[in-house]
Structures are given as C-alpha cells and as structure tokens.
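Read-outs throughout are calculated quantities, based only on the coordinates presented, and are distinct from any laboratory measurement. These figures come from a predicted structure and were not determined experimentally. Neighbour counts are summed over all protein chains in view; Cβ atoms, including those assigned to glycine, are modelled from backbone coordinates with ideal geometry.
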Amino acid sequence: MNVTLDQARAIIETALAHAMQHNYKPLGVAVLDSRGALVAYAAQDGTSLGRAEVAQAKAKGALLMGMGSRTLMKMAQDRPAFIGALSAVYDGKIIPGPGGVLIKHGADIVGAVGISGDTADNDEAAGLAGIAAAGLQGDGG
C-alpha cells in the first residue's frame, strides 16, 4: 500500500493550515510514496527558493533509512561518517534534521512527508498534524 493522492492532499492542506494557525514562516510540503516517488507538493506564498528540494530530501532520507529524520539527525551526530557516505551515495539528497516524517498505516510505511520553511521542530509538527488528519500515523523519529 502507498499513500494515495487524496491522502497526500489532506496531509498538505492540514500541514499548511497548521502552519498558518501557528504563525510559522511559509512552508513547502512534499509527500512521497513508499518508494520515494513524489505524490504531491505545495508551497505557501513567500516560500524561499529551494524549499521543494529540502522538503523532498528530508522525506527521502526518512524513507531510505526507515526512520524519521529527527533520528537521522541523532545518527549524524553519533556517526557522521556514515551519514556523510549515505548522503554521497544519494547525491546529497538526504537531510538529517527534523521535518522528514514517515507515514504509516499500521506497521507499514506507506510514504513520507518532508517539510521545510520554519524551524525543524515546527516543520515536523506541521507534518505530524497533516498525517493525523489523513487518518494515518506519523513517525518523526
């Protein structure tokens, strides 16, 4: 099973609404399916350049390692050579910092959301809100 387009849209809409409600800086939100393909992306007006790439890199890192990007950040602190090598293998398209959240349906990983634009903690909070609104479970790590 993969995250559906309707679920991805619900995740994005809720994540962006959460950001507006909490006065976050403009966000970019990417939803990937379980194999890392982009399902949907949206950005708020005023989002800075590069947010799409950063959001996708957060989500892709979570998928590649099967853990939220917050855990990847801790791993980067403990094992920087490993994360550096992993990033090199994937052409630098992995970002080990909060904001990459696995999307789960029960025990199955069905995708990941990556968010970029505000603080890493706020990015992650918006992602978790969106995932919950879509009736799925989030694992930020």
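Obtain the radius of gyration and the Kirkwood radius of the stretch 1-76 from its C-alpha atoms and give Rg over Rh. Radius of gyration over Kirkwood radius for the stretch 1-76 works out to 0.97.
Across every direction, the projection of the convex hull enclosing the Cα atoms of the stretch 67-134 has a mean area of 5.0 nm². Once backbone amide H atoms are built at 1.01 Å from N, ASP118 has ASP123 as its partners under 5 Å, excluding neighbours fewer than 5 places away on the same chain. Under 5 Å between amide hydrogens, built in the peptide plane, is the criterion, and for GLY68 it picks out LEU102, GLY141 among residues at least 5 positions away or on other chains. For the stretch 1-105, the list of trypsin sites (Lys or Arg not before Pro) that fall in a loop by DSSP and count at most 12 other C-beta atoms within 10 angstrom reads ARG35. Built from the Cα atoms of the chain, the convex hull projects on average onto 7.4 nm², one quarter of its surface area.
Dipole size of the stretch 31-92 about its Cα centre, with +1 on Lys/Arg Cβ and -1 on Asp/Glu Cβ: approximately 200 debye, rounded to the nearest 20. Between 0 and 90 degrees, the angle of helix 5-21 with respect to the longest Cα principal axis of the chain falls at about 80 degrees.
Within the same chain, lysines fewer than 8 places from LYS74 are excluded, and of the rest, those with a Cα less than 20 Å from its Cα are LYS58, LYS60, LYS93.
Where does the chain land at 222 nm, in deg cm²/dmol rounded to the nearest 500, when only DSSP H runs of n ≥ 4 count, each adding -39500 (n - 2.57), divided by all residues?
The per-residue figure over the chain is -15000 deg cm²/dmol.
Near ALA52, once Lys and Arg are set to +1 and Asp and Glu to -1 for all other residues with Cβ below 13 Å from its Cβ, the sum equals +3.
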